[in-house]
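**Student:** Dumping the structure here so I can ask a few things about it.
The values are calculated or read from the model by the stated rules, or taken from the named source; none is laboratory data. These numbers were taken from a predicted model, which means no experiment stands behind them. Cβ atoms come from the backbone with ideal geometry, glycine included; neighbour counts cover every protein chain shown.
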Amino acid sequence: MKKTLLATAIAGALGASAAAQAATVYDQDGTRLDVYGRIAMGIEGGGPEYDSNDNYQDNGAEFVDVYSRLGLRMSQEVTSDLTAFGRLEWRFDGDENTTDGGFNELRQSYLGLQSKQYGTFQAGNFDSFYSQFVSLPFDVYIFADSDLEFAGHSKQSRGDSIGYYTPDLSGFTAFLQAKHYTARGAADPSADSEVAAQGGVRYAQGPVTIGLGFV
């Protein structure tokens, strides 16, 4: 007789988990290098005993990695108003003894220029501006496989992307971003080159935050 358990998942951070706060390694003559990271593990268990094809599957408890990461933030003052910056961030499985280089994802890798007067421009592999300015301010946690992924950090972003956002204008910040999809180098291209855009406006003043955008 088929037996189905109620799905239960526990992903609690253990004592070894630490907030991803940066430590300054070098800061001199306008050049700065910060290192940050975290090791986060949890316990996951429960769920159905059988899959959709009535095959038995183990649903016992196990240790899981909860997005452990290691990153670098770099910046160089070009003028009193202009700063060049870059960022690299890798993910790794903190609960496994990996032998294939350790890191399993290059999560962030981008360069940019920031001006207090004219705003910020960046290019490379980074979280979507829609997520940063519209989703995250409201603390909307989005699972990658959920129906809300349209608002997630990787949507129309993470690689081959460029973006710009204004400086704070009396509480208002506007942003615009584009990602280039291309079939260059493919033996049998499945789609033509395409540029996907996103943009919006956020207002933040004291306890009030309002965000509106498209993606």
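**Student:** Looking at region 67-109, which of its residues are assigned to a loop (DSSP other than H, G, I, E, B), crowded, with 18+ Cβ neighbours inside 10 Å and under 14 Å from the mean Cα position of the chain (by Cα)?
**Tutor:** If the condition is that a residue be assigned to a loop (DSSP other than H, G, I, E, B), crowded, with 18+ Cβ neighbours inside 10 Å and under 14 Å from the mean Cα position of the chain (by Cα), then 68 is the only one that fits.
**Student:** Something else about it: Check region 45-58 and report whether any residue there is surrounded by 14 or more Cβ atoms within 10 Å (Cβ to Cβ), assigned to a strand (DSSP E or B) and of a type in the set (Ser, Thr, Tyr).
**Tutor:** Scanning region 45-58, I find at least one residue that is surrounded by 14 or more Cβ atoms within 10 Å (Cβ to Cβ), assigned to a strand (DSSP E or B) and of a type in the set (Ser, Thr, Tyr), so the answer is yes.
**Student:** What's the number of the only condition in (1) at pLDDT below 95; (2) assigned to a strand (DSSP E or B) that residue 127 fails to meet?
**Tutor:** Failed condition: (2).
**Student:** Within region 185-194, is even one residue of a type in the set (Asp, Glu), modelled with pLDDT of 80 or more and part of a strand (DSSP E or B)?
**Tutor:** Yes: region 185-194 contains one or more residues that are of a type in the set (Asp, Glu), modelled with pLDDT of 80 or more and part of a strand (DSSP E or B).
**Student:** Using beta carbons and a limit of 8 Å, which pairs, at least six apart or on different chains, have the first residue in region 179-202 and under 27 Å from residue 164 (Cα atoms) and the second one assigned to a loop (DSSP other than H, G, I, E, B) and modelled with pLDDT of 90 or more?
**Tutor:** From region 179-202, the pairs are 198/128.
**Student:** Inspect region 4-17 for any residue being under 30 Å from residue 75 (Cα atoms), assigned by TED's automatic domain parsing to the domain that holds residue 96, in contact with a strand residue (DSSP E or B) (Cβ under 7 Å, 6 or more places away or on another chain) and at pLDDT 75 or above and give the result as yes or no.
**Tutor:** Scanning region 4-17, I find no residue that is under 30 Å from residue 75 (Cα atoms), assigned by TED's automatic domain parsing to the domain that holds residue 96, in contact with a strand residue (DSSP E or B) (Cβ under 7 Å, 6 or more places away or on another chain) and at pLDDT 75 or above, so the answer is no.
**Student:** Among the residues in region 76-93, are any more than 27 Å from residue 157 (Cα to Cα), of a type in the set (A, V, I, L, M) and at pLDDT 95 or above?
**Tutor:** yes
**Student:** For region 111-140, name all the residues that are under 21 Å from residue 73 (Cα atoms) and either in contact with a Lys or Arg (Cβ under 6 Å, 6 or more places away or on another chain) or hydrophobic (A, V, I, L, M, F, W, C) (or both). Even if it seems obvious, please write down each step before you answer.
**Tutor:** Within region 111-140, the subset under 21 Å from residue 73 (Cα atoms) is 111-116, 119-129, 131-133, 136.
111, 113, 121, 123, 125, 126, 128, 129, 133, 136 - these are the residues of region 111-140 that are under 21 Å from residue 73 (Cα atoms) and either in contact with a Lys or Arg (Cβ under 6 Å, 6 or more places away or on another chain) or hydrophobic (A, V, I, L, M, F, W, C) (or both).
**Student:** Within region 25-39, is there a residue that is among the aromatic types (Phe, Trp, Tyr), surrounded by 13 or more Cβ atoms within 10 Å (Cβ to Cβ), at pLDDT 80 or above and within 25 Å of the chain's Cα centre (by Cα)?
**Tutor:** Filtering region 25-39 for residues among the aromatic types (Phe, Trp, Tyr) gives 26, 36.
If we keep only those that are surrounded by 13 or more Cβ atoms within 10 Å (Cβ to Cβ) too, we end up with 36.
Imposing the further condition that a residue be at pLDDT 80 or above reduces the set to 36.
This time we only want the ones that are within 25 Å of the chain's Cα centre (by Cα), so: 36.
The answer is yes; a qualifying residue exists.
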